[in-house]
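Everything on this sheet refers to the single structure shown next.
The values are calculated or read from the model by the stated rules, or taken from the named source; none is laboratory data. Predicted model, so just to flag it, every value in this text is computed and none were measured. Every residue, glycine as well, gets a Cβ built from its backbone with ideal geometry; the counts of neighbours run over all protein chains shown.
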């Protein structure tokens, strides 16, 4: 199963456009400012689109340490950056402001994004402290902003965190669709760039059949065949970077090699 905005595309690949540190975060480059952030993201997106990815997702991975409630200056900067980049986009796009679902929905609505990725459900012991997202508020915000078409991608096993809900992962996924109306389910590894547990992914794919299931982390050229034999698609950031390092720029040749493999699997 795939999203309607991918048309007939099977086994969709959503590529991450990692934004440099935003205003308010410790690593923000005040001298370079927004112009430098835009320049860096534009360069990555040019390579991602040339390589043939199906969609782009803007994310603020560089805003370490992460917060559970976005700062106004970060929200404003990310919205401005996405709006500035939009003219060069040739594929659908989404946003993810770590780790604030309402901020992500607000930025998506303001910029015309097609989807949002976030932690919407569950309770976690995390690097950021006790993490208890509020699914109802961003869902209502989406409706109040007139964006009922905006797809909400539910990451159900958060990176950098341990779920205090010990129901089996496939039951948590099914429940998120039933009670919280998830438009897609994402299954993650323990940390950005780390592979998902394939047995868990398989259980989720077998249990959740009415919305797409994506592998959210750690997909690479060596495991993509196995991953896409189960999942509707994948989200990739780290593997597309120079030397496979999350914090490096995108390597266009790595993107092309990966997408060539995907083409044989479709």
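Take the residues in the stretch 129-159 that are crowded, with 16+ Cβ neighbours inside 10 Å, out of contact with any strand residue (DSSP E or B) (no Cβ under 8 Å at 6 or more places or on another chain) and within 21 Å of residue 78 (Cβ to Cβ); name whichever of them is modelled with the lowest pLDDT. Of everything passing the filter in the stretch 129-159, 159 is modelled with the lowest pLDDT. Of all residues in the stretch 16-33, at least one satisfies being in a strand (DSSP E or B) and touching a helix residue (DSSP H, G or I) at 6+ places or on another chain (Cβ under 6 Å). Across the stretch 245-258, the number of residues qualifying as surrounded by fewer than 20 Cβ atoms within 10 Å (Cβ to Cβ), under 24 Å from residue 187 (Cβ atoms) and touching a residue at least 40 places away in the same chain (Cβ under 8 Å) comes to 2. From the list 84, 109, pick out the single residue that is closer than 19 Å to residue 21 by Cα and either more than 13 Å from the chain's Cα centre (by Cα) or buried (at least 24 other Cβ atoms within 10 Å of the Cβ) (or both). Of 84, 109, the one residue that is closer than 19 Å to residue 21 by Cα and either more than 13 Å from the chain's Cα centre (by Cα) or buried (at least 24 other Cβ atoms within 10 Å of the Cβ) (or both) is 84.
Condition check for residue 10 on (1) part of a loop (DSSP other than H, G, I, E, B); (2) within 29 Å of residue 132 (Cβ to Cβ): one failure, at (2). You will find that of 163, 126, the residue that is over 17 Å from the mean Cα position of the chain (by Cα) and under 23 Å from residue 246 (Cα atoms) is 126 and no other.
Among the numbered conditions (1) within 16 Å of the chain's Cα centre (by Cα); (2) outside any strand (DSSP E or B); (3) within 30 Å of residue 228 (Cα to Cα), the only one that residue 78 does not meet is (3). Do we find that residue 200 is surrounded by fewer than 21 Cβ atoms within 10 Å (Cβ to Cβ), in contact with a strand residue (DSSP E or B) (Cβ under 9 Å, 6 or more places away or on another chain) and at pLDDT 95 or above in this structure? Considered against the rule, which asks whether it is surrounded by fewer than 21 Cβ atoms within 10 Å (Cβ to Cβ), in contact with a strand residue (DSSP E or B) (Cβ under 9 Å, 6 or more places away or on another chain) and at pLDDT 95 or above, residue 200 comes out as yes. For residue 98, are the conditions met, namely being closer than 30 Å to residue 129 by Cβ, without any contact (Cβ under 8 Å) to a residue 60 or more places away in the chain, touching a helix residue (DSSP H, G or I) at 6+ places or on another chain (Cβ under 9 Å) and part of a loop (DSSP other than H, G, I, E, B)? It is true that residue 98 is closer than 30 Å to residue 129 by Cβ, without any contact (Cβ under 8 Å) to a residue 60 or more places away in the chain, touching a helix residue (DSSP H, G or I) at 6+ places or on another chain (Cβ under 9 Å) and part of a loop (DSSP other than H, G, I, E, B). The single residue among 32, 24 that is on the phi > 0 side of the Ramachandran plot and surrounded by fewer than 19 Cβ atoms within 10 Å (Cβ to Cβ) turns out to be 24.
Pairs meeting the criteria (first residue in the stretch 68-80 and surrounded by fewer than 20 Cβ atoms within 10 Å (Cβ to Cβ), second residue in a loop (DSSP other than H, G, I, E, B), beta carbons under 6 Å, at least 6 apart or on different chains) are 68/99; 68/128; 69/100; 71/24; 73/23; 73/24.
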